[in-house]
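The values are calculated or read from the model by the stated rules, or taken from the named source; none is laboratory data. Just so you know, these numbers come straight off a predicted model, no measurement behind them. Don't worry about glycine lacking a Cβ; one is built from the backbone with ideal geometry, like all the others, and counts go over all protein chains shown. Just so you know, the surface numbers come from the protein's heavy atoms only, side chains and all, with ligands and any DNA or RNA stripped out. Shrake-Rupley method; radii C 1.70, N 1.55, O 1.52, S 1.80 Å.
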Amino acid sequence: MNKKVSVTFLLLAILFTVCLIASNLFATKVFALGSLTLPGAVVIFPLSYILNDCFTEVWGYRKARLVIWSAFAMNFFVAITGQLVALLPGASFWDGAEHFNYVFSLAPKVAFASLLAFLAGSTLNSLVLSKMKVASSGKGFSFRAILSSLAGELLDSLIFMPIVFWGTPLRALAMMMFAQVTFKVCYEIVILPVTALVVKALKKSEGIDEYDVNISYNPFRITDL
């Protein structure tokens, strides 16, 4: 089994990590589309699922799992160091403390919910896409990408929303979850033709089209490449 990765894989893995970290920072901005309110993270977060589809479809579940855990670790590092920097006393002439702390001093439960939801949702997205690829002999990428993203996004929201908005009336919570999942999946459907072209180009340039036959889907076997 080839455990080496290409420069392209490395650059996409970096982009995936940046998307995750940026989405947590962008989540501090809430915007409105008519009567619908959404966190700024929805602008970039779906891109991480699109990249996840690329990793799984081209390089397979095992390398996608490595990227997911790496991004999780880097996001955890930024969250912890952000908390530490926020605790440092600000200089007397600096008036940005309130704004800095607003962005980086996230409540512990928000940071925990975000990290856990990402890890679970991304892993499920990759697993579903991988298993469906083997079952369909590699056919129907568009359908597989949408269905796997729907499963991942739904699990992500099922974990994140109840933790962060505990105590919110069940109907309101369900509406918020439905709005987020719908927006993210629609986002991915719109950009799906681009995703399909990128996947096709990657398979050709990398000379690889991995099928995950007889592998372990244990999410914790990170070194199994």
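General remarks:
- Given +1 at the Cβ of Lys and Arg, -1 at the Cβ of Asp and Glu and no other charges, the dipole of the range 1-132 around its Cα centre is 580 debye to the nearest 20.
- J(HN,Hα) series, the range 50-55, from Karplus relation 6.51 cos²θ - 1.76 cosθ + 1.60, nearest Hz, glycine and proline x: 5, 5, 4, 4, 5, 4
- Here is the list for the range 4-111: trypsin sites (Lys or Arg not before Pro) lying in DSSP coil, each with at most 14 other C-beta atoms within 10 angstrom of its C-beta, are Lys4, Lys29.
- Over the chain, Cα pairs under 8 Å with separation of 6+ residues give a relative contact order of 27 percent.
- Karplus-based coupling profile of the range 123-137, in residue order and whole Hz: 5, 5, 4, 5, 5, 4, 4, 4, 5, 5, 5, 5, 5, 9, 6, with θ = phi - 60° in 6.51 cos²θ - 1.76 cosθ + 1.60 and x standing for Gly or Pro.
- For the chain, the share of accessible area belonging to carbon and sulfur comes to 73 percent (1.4 Å probe, ligands and nucleic acids excluded).
- Among Ile163, Asn218, His99 the positive-end extreme of the charge dipole of the chain (Cβ point charges): Asn218
- Only Lys, Arg (+1) and Asp, Glu (-1) charged, at Cβ; the range 88-219 dipole about Cα centre in debye: 500 debye
- Cα gyration tensor, the range 1-129 - rounded (a/c under 1.5), prolate or oblate: prolate
- Mean ellipticity per residue at 222 nm, deg cm²/dmol - from DSSP H runs of n ≥ 4 across the chain, formula -39500 (n - 2.57): -24000 deg cm²/dmol
- Evaluated at q = 0.08 Å⁻¹: base-10 log I(q)/I(0), Debye formula over Cα of the chain: -0.31
- Distance between the pseudo-spin-label points of Ala86 and Met175 (7 Å out from Cα toward the beta carbon): 2.9 nm.
- Between 0 and 90 degrees, the angle of helix 141-164 with respect to the longest Cα principal axis of the chain falls at about 30 degrees.
- Sequentially through the range 177-182, phi angles give Karplus couplings (6.51, -1.76, 1.60; θ = phi - 60°) of 5, 4, 5, 5, 4, 4 Hz, Gly and Pro residues having no value and appearing as x.
- Distance from the Cα centroid of the range 1-60 to that of the range 168-225 is 10 Å (rounded to whole angstrom).
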